[in-house]
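The values are calculated or read from the model by the stated rules, or taken from the named source; none is laboratory data. No experiment lies behind these values; they were computed from the predicted model shown. Neighbour counts run over all protein chains shown; Cβ positions are idealised from the backbone, glycine included.
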Amino acid sequence: MFDSGFGGLTVAKALADLAPHEDLVYVGDTGRYPYGPRPLSEVRAFSVQIARWLVDEHDVKLVVVACNTASAAALDTLRALLPVPVVGVIEPGVRAVAKATRNRKVGVIGTVGTISSGAYQRAMSLSTVPIELTCAACPGFVEFVERGETRSDQVAVLAERLLAPVRDAGVDTLLFGCTHYPFLARTIADVVGRDVVLVSSADETAFEVRAILAEEGVGRAAGGEGALRAFSSGDVEWFRTVGNRLFGGDLGEVGALFWPEAATQPEAAPWPVPGPDEPGRDAASG
């Protein structure tokens, strides 16, 4: 699975709890985060590059796009290109809020890229439950999480301003359209009200992954505890320090990824150059 940074660790944690025998490979593309303000075409190129690397270098049996912006930009492309199932976080989240809402007024908050893509608007329109949807872009939230500032006065002031549209719309259910946002749940709840149900797509995504693995006959029901191996394209020690805290456990050694200069042309350079300390791989392999 991959994300622009740490947010996808919420999905990794949910899947590790739900399917503890599975091995997980996690890529945090912190060298190029945040994805939210970038053009969707650029995010699509990054996503193809990372997904191809996961398949080619780690022989993964399923890819989870644990990033809402990347799901909005690249999910259909990845499903067409890759030889393995691809799961995003948008559809599971929509199903979860459709079950949770009582007054059928739902809010979705996400990055500028995710909200402007219309992906949630389209997914909600296909729901069998008629929903009155209010969307709000929340630029800056991801950066606060990546810095570890989840309860600062500054993020509280920003949340008051950005969440006003969904609060004023009278929503009873709020979907986190970004995997970073669960780390801001307490601050968000303070603003929208404790009676509003906050929904993260992490658990729903993990359930979908487990179901697909079972349907494909490739799930690992037993055979020992699965391993999590994490990689970062940015500062590895910073990723490990912040990641350990947000994941709620030890990520272990974090591998370093160095993307080629032609990062926005993944068909020409489908995988990164391995880090100098990456065990068991040499520069020629990438």
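When you look at Thr150, is it touching a Lys or Arg at 6+ places or on another chain (Cβ under 8 Å), modelled with pLDDT under 95, hydroxyl-bearing (Ser, Thr, Tyr) and over 24 Å from Leu62 (Cα atoms), yes or no? I'd like the intermediate steps shown before the answer.
Values: touching a Lys or Arg at 6+ places or on another chain (Cβ under 8 Å): yes; modelled with pLDDT under 95: yes; hydroxyl-bearing (Ser, Thr, Tyr): yes; over 24 Å from Leu62 (Cα atoms): yes.
Criteria met by Thr150.
Residues in the stretch 219-233 include none that are at pLDDT below 95 and aromatic (Phe, Trp, Tyr). Per the conditions (1) more than 16 Å from Glu204 (Cβ to Cβ); (2) touching a residue at least 60 places away in the same chain (Cβ under 8 Å); (3) of a type outside the set (Phe, Trp, Tyr), the sole criterion not satisfied by Leu62 is (1). Taken as a whole, the condition of being closer than 19 Å to Tyr120 by Cβ and either at pLDDT below 95 or assigned by TED's automatic domain parsing to the domain that holds Pro20 (or both) applies to Asp203. Considering only the stretch 223-242, I want to know if a residue exists there that is within 19 Å of the chain's Cα centre (by Cα), surrounded by fewer than 21 Cβ atoms within 10 Å (Cβ to Cβ), more than 15 Å from Gly107 (Cα to Cα) and not assigned by TED's automatic domain parsing to the domain that holds Leu9. Within the stretch 223-242 (the criterion being within 19 Å of the chain's Cα centre (by Cα), surrounded by fewer than 21 Cβ atoms within 10 Å (Cβ to Cβ), more than 15 Å from Gly107 (Cα to Cα) and not assigned by TED's automatic domain parsing to the domain that holds Leu9), the answer is no, since none of the residues qualifies.
Among the residues of the stretch 99-112, which ones are over 23 Å from Gly36 (Cα atoms) and under 20 Å from the mean Cα position of the chain (by Cα)? Steps first, please.
First, pick out the residues of the stretch 99-112 that are over 23 Å from Gly36 (Cα atoms): 99-105.
Of everything in the stretch 99-112, nothing turns out to be over 23 Å from Gly36 (Cα atoms) and under 20 Å from the mean Cα position of the chain (by Cα).
Scanning the stretch 33-59 for residues that are surrounded by 19 or more Cβ atoms within 10 Å (Cβ to Cβ) and not in a helix (DSSP H, G or I) yields Tyr33, Pro34, Tyr35, Gly36, Arg38. Against the numbered list (1) assigned to a helix (DSSP H, G or I); (2) in contact with a strand residue (DSSP E or B) (Cβ under 8 Å, 6 or more places away or on another chain), Tyr26 comes up short only at (1).
Which ones in the stretch 209-222 are under 22 Å from the mean Cα position of the chain (by Cα) and not β-branched (Val, Ile, Thr)?
To start, the set of residues in the stretch 209-222 that are under 22 Å from the mean Cα position of the chain (by Cα) comprises 209-213, 219.
Matches in the stretch 209-222: Arg210, Ala211, Leu213, Gly219.
Kindly evaluate Thr77 against the criterion of being over 15 Å from the mean Cα position of the chain (by Cα) and among the polar types (S, T, N, Q). Yes, satisfied. Assess whether Thr114 counts as being of a type in the set (Ser, Thr, Tyr), at pLDDT 95 or above and in contact with a strand residue (DSSP E or B) (Cβ under 8 Å, 6 or more places away or on another chain). Criteria not met by Thr114.
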